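As structure tokens, the structure follows; a few thoughts come after it.
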Ligand code: DAT
């Protein structure tokens, strides 16, 4: 069983890294946002942010069988509703504010949504959440500012996976 979790503010590069990692390793990439959208795993609507509210319990139920099989990379921008036992390692991607601003703007974010996401990154919200929800030694921050970072991160995670397989088989 091998279950990395990737977290980080929207726009930091989770999808890019997760998909490429799946290609290189043969692990399965699961984007929780997409999963929720496909299964309409929502519980109400957030008027302030104009987006549906994730039904966390249904997401966990939906993922449970696949997580028990193992070999899954889970991508989500945060939150601590996943069972701790699901993950062997957690990566939090980090992006400098000016870069993140440009990425989110080009994604169509503006006003409060843009500001709040930048603030989320400034205050290390996702990192702190991860450190509280998982054993600190399995939580790692990775820089995600430039294409070289992506390549370095991929190499580092692939190495970690190889080592994990050696240690556990
Ligand atoms: P997320 O899934 O965290 O929301 P994404 O993978 O969609 O983020 O990436 C957001 C944008 O940033 C997208 O245009 C690709 C770009 N990007 C991702 N990783 C990058 C990196 N290491 N260097 C430069 N740009 C990157």
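Tabulated data for the structure shown
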read-out: Three-way shape label, region 3-69, alpha-carbon gyration tensor, a/c 1.5; value: oblate
read-out: Residue of 47, 34, 57 that the Gaussian network model of the chain assigns the largest fluctuation, springs spanning Cα pairs under 10 Å; value: 47
read-out: Counting DSSP beta bridges with both ends in the chain, the antiparallel % (nearest 5); value: 15 percent
read-out: Computed helical MRE - 222 nm, the chain, DSSP H runs ≥ 4 contributing -39500 (n - 2.57), nearest 500; value: -16000 deg cm²/dmol
read-out: Global geometry of region 2-161, whether rounded, prolate or oblate, following the gyration tensor of its Cα atoms and the 1.5 cut on a/c; value: oblate
read-out: Part-to-part distance (alpha-carbon centres) for region 63-134 and region 140-169, which is given in Å; value: 17 Å
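Laboratory data are not the source of any read-out in this text; all were calculated from the coordinates shown. Owing to the predicted nature of the structure, the values given are computational and were not obtained by experimental measurement.
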